[in-house]
Amino acid sequence: MFVLPLAERLIRRRLNSIGIASAYHPTPQGRLHYYEVQGEAKAPPLVILHGFGASASSYGRVLALLRRRVGRVLAPEAPAHGFSSSATARLTVDDAYAAISDFLASHVTEPAIVFGNSLGGAFALRYGLEHPERVRGLLLSSPAGALLDAQDFAALTGSFRVRSLGQARDLLDRLYHEPPWFNPLLAPDILRRFAVGPLRHCLESFRPEHMFTPDELAALRPPTLMLWGQSERLLPGASLEFFRRALPAHVRVEEPPDFGHCPYLDRPRAVADRIADFVDELR
């Protein structure tokens, strides 16, 4: 029995029961599942982008907490993630970004605040560079995409090439500030998801050319806040150093002491509060 698919179904059922809708959007890269929150506040729309191998369902507690503090929220799932399908077993990172861009072009009709974690942070940053007129602000949580040397790049991508339950547990533990007791129960799902199929091919499609250059980042225009937890244990320290050097002076960087790589997993209230505060700043 696989635990993650069951957990995602239970989370979706719970979110639907409290008025958070879920639906699908067709793209050439696959049929994307997404959550939509009709928040109670008058604010710019908010988009939440998950990271590689994650899903929008993993933001369930954050979405529930945000309802009374922000306006409309959209949380799409990339192809082959969560409930989204992939049109091909040979999914690439470029395909995943193209699908998310297609979704945003169809569903967001005014400048939005875009939150992204890990690969979702890289997608948010890329979207802000390509479409600054569509972005009211960027909130990046441990974003991927820093220009790394060959050794750090190989170590980072190698972290996701799990070939045993022990490697899967290690990857899961590195996502947290305080790894939970149930990670060993999730390890078989991680091993299965990353071993073959679209996610494995997507991982193998990552190239150094996908990383941002200082010249690219110098052109970033939207108001931007980057969160980099002091318990970050997945991305190398060189990533933070690169972003500090390359991002424009208007970008703020905060280093919360109790945030790991995926703080929405074990610090959902703190993440929801920081998102809502950032939205308040940009109203």
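Structure notes:
- Length gained when the stretch Ala155-Arg269 is fully extended (0.36 nm per residue, less Cα-Cα span): 37.9 nm
- Proxy reagent accessibility, fewest Cβ within 10 Å first, across Thr92, Thr213: Thr213, Thr92
- Distant-in-sequence amide contacts of Thr27, defined by a placed amide H-H separation under 5 Å and a gap of 5 or more residues or a different chain, comprise Leu32.
- The modelled label-to-label distance for the pair Asp215/Arg90, using points 7 Å beyond Cα in the direction of Cβ, is 3.1 nm.
- Whole-Hz couplings from phi, Karplus 6.51/-1.76/1.60, listed for region 250-255; x for Gly and Pro: 6, 6, 8, 10, 10, 10
- Using θ = phi - 60° in the Karplus curve 6.51 cos²θ - 1.76 cosθ + 1.60, the 3J(HN,Hα) couplings for region 20-26 round to 8, 7, 10, 7, 10, 10, x Hz; x is entered for Gly and Pro.
- Neighbour-count order for Trp181, Trp228, fewest beta carbons within 10 angstrom listed first: Trp181, Trp228
- A DSSP coil position with no more than 16 other Cβ atoms inside 10 Å describes the following GluC sites (Glu not before Pro) in region 1-81: Glu40.
- The candidate values were [x] 73, 71, 33; [y] 47, 45, 39; [z] 56, 46, 45; the one computed from these coordinates for Cα extents along the principal axes in Å carries the label [y].
- Between the C-alpha center of region 142-185 and that of region 17-61 there is a gap of 24 Å.
- Distant-in-sequence amide contacts of Thr224, defined by a placed amide H-H separation under 5 Å and a gap of 5 or more residues or a different chain, comprise Leu138, Arg252.
- Of all DSSP bridge pairs formed entirely within the chain, close to 40 percent run antiparallel.
- Axial C-alpha extent at least 24 Å, average Kyte-Doolittle at least -0.5 - helices from the chain (DSSP): none
- Placed amide H near Ser84: partners under 5 Å, 5+ positions off or other chain: His33
- A full extension of the chain between Glu254 and Ala195 corresponds to an added length of 17.8 nm, given 0.36 nm per residue minus the alpha carbon distance.
Each value in this text was obtained by applying a stated rule to the coordinates, not by laboratory testing. Quick caveat, the model's predicted, so the values are computed rather than measured. So basically every Cβ, Gly included, is an ideal-geometry build from the backbone, and we count neighbours across all protein chains shown.
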